[in-house]
Amino acid sequence: MTGVCAGRVAIVTGAGGGIGRGHAIEFARQGARVVVNDLGTDVHGHGASSEAAEQVAEEIRGFGGDAVANGENVADFEGARRLVRQAIDTYGRLDTLVNNAGILRDRMLVNMTEEEWDSVMTVHLKGTFAPTRHAVGYWRDRVKAGESNDARIVNTSSTSGIFGNVGQTNYGAAKAGIAAFTVIAAEELGRYGVTVNAIAARRARG
């Protein structure tokens, strides 16, 4: 397929539904080859299934795009390494990483459990750090070998992390952390031909 991303390879995490699915499909429509990552949990992080990622990859292939599914847990350091490795082994390169995986464990602070805090921090913050760490290792090695990059990282923050939202101290703190991570990573990685940006979507209200 032709488009502004023709010839590029993109990983999209949390791509089994919602914003991540939209990213993956649009990348494919614009010509990218896409690794569709999703652990297959529900919005609260419960359960696991390869079905969601497989369905999106199949949808992409159905309109003529090129995609493979990946069910790794991006908050697991070795799982994130295998995700990045799959993109490189399957398509020979990696150009774009979209860190979108996340869960919600909304609760008023006075009632929030340690597990509700820890799980949100792990998925959002470590789930952004780990794939990024392995991707930038690949891009740095290319520079050291005399090659150049035109690479992109796009992280998913939230207005909850910028303006706050009642019942989301865990989620908002994690998303604010992703915003700070993005600013610092952008300063560090420009030397390797990597730009780093974040989007902050506003949650729909009924």
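The values are calculated or read from the model by the stated rules, or taken from the named source; none is laboratory data. What you see is a predicted model; the values in this text were computed from it and never measured. Every residue, glycine as well, gets a Cβ built from its backbone with ideal geometry; the counts of neighbours run over all protein chains shown.
Here is a yes/no grid of residues against (1) more than 16 Å from Val98 (Cα to Cα); (2) touching a residue at least 60 places away in the same chain (Cβ under 8 Å); (3) in contact with a Gly (Cβ under 7 Å, 6 or more places away or on another chain); (4) surrounded by fewer than 21 Cβ atoms within 10 Å (Cβ to Cβ):
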site	(1), (2), (3), (4)
His124	no, no, yes, no
Arg133	no, no, no, yes
Arg142	yes, no, no, yes
Glu147	yes, no, no, yes
Asn155	no, no, no, no
Phe163	yes, no, no, yes
Gly167	yes, yes, no, yes
Arg202	yes, no, no, yes
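Determine whether region 48-71 contains at least one residue that is closer than 22 Å to Ala198 by Cα, of a type in the set (Gly, Ala, Ser) and either under 16 Å from the mean Cα position of the chain (by Cα) or surrounded by fewer than 23 Cβ atoms within 10 Å (Cβ to Cβ) (or both). Among the residues of region 48-71, not one is closer than 22 Å to Ala198 by Cα, of a type in the set (Gly, Ala, Ser) and either under 16 Å from the mean Cα position of the chain (by Cα) or surrounded by fewer than 23 Cβ atoms within 10 Å (Cβ to Cβ) (or both), which makes the answer no. Would region 35-52 turn up any residue that is β-branched (Val, Ile, Thr) and farther than 23 Å from Ala130 by Cβ? Scanning region 35-52, I find no residue that is β-branched (Val, Ile, Thr) and farther than 23 Å from Ala130 by Cβ, so the answer is no. Taking the criterion of being in a helix (DSSP H, G or I) and either closer than 23 Å to Glu188 by Cα or among the hydroxyl-bearing types (Ser, Thr, Tyr) (or both), the only residue of region 105-120 that qualifies is Ser119. Restricted to region 80-104, and to residues there that are under 13 Å from the mean Cα position of the chain (by Cα) and in a helix (DSSP H, G or I), the residue that is farthest from Ile25 (Cα to Cα) is Ala80.
Tell me, yes or no, whether region 178-187 has at least one residue that is free of Cβ contacts under 8 Å to residues at least 40 places away in the same chain, assigned to a helix (DSSP H, G or I), of a type outside the set (A, V, I, L, M, F, W, C) and closer than 25 Å to Cys5 by Cβ. Reasoning before the result, please.
First, the residues of region 178-187 that are free of Cβ contacts under 8 Å to residues at least 40 places away in the same chain: 179-180, 182-184, 186-187.
Those still in the list that are assigned to a helix (DSSP H, G or I) too: 179-180, 182-184, 186-187.
Within this subset, residues satisfying the condition of being of a type outside the set (A, V, I, L, M, F, W, C) are 182, 187.
Restricting the remaining residues to those that are closer than 25 Å to Cys5 by Cβ gives 182.
Yes: one or more hits.
Just for region 1-43: of the residues that are surrounded by fewer than 24 Cβ atoms within 10 Å (Cβ to Cβ) and among the acidic types (Asp, Glu), which one is farthest from Asn99 (Cα to Cα)? Taking the candidates together, the pick is Asp42.
Among the residues of region 173-184, are any farther than 23 Å from Trp139 by Cβ and modelled with pLDDT under 95?
Just the residues of region 173-184 that are farther than 23 Å from Trp139 by Cβ, to begin with: 173-176.
Imposing the further condition that a residue be modelled with pLDDT under 95 reduces the set to none.
There is no residue in region 173-184 that is farther than 23 Å from Trp139 by Cβ and modelled with pLDDT under 95.
Can you find, within region 92-119, the residue that is nearest to Tyr138 (Cα to Cα) among those that are without any contact (Cβ under 8 Å) to a residue 12 or more places away in the chain and β-branched (Val, Ile, Thr)? Out of the qualifying residues, it is Thr113. Within region 146-170, the set of residues being under 24 Å from His134 (Cα atoms) and over 16 Å from the mean Cα position of the chain (by Cα) comprises Gly146, Glu147, Ser148, Asn149, Asp150. Taking residues in region 5-20 that are farther than 19 Å from Ala200 by Cβ, and partners anywhere that are assigned to a helix (DSSP H, G or I) and among the acidic types (Asp, Glu), the pairs with Cβ atoms closer than 9 Å and at least 6 places apart or on different chains are Cys5/Glu26; Gly16/Glu51; Gly16/Glu54.
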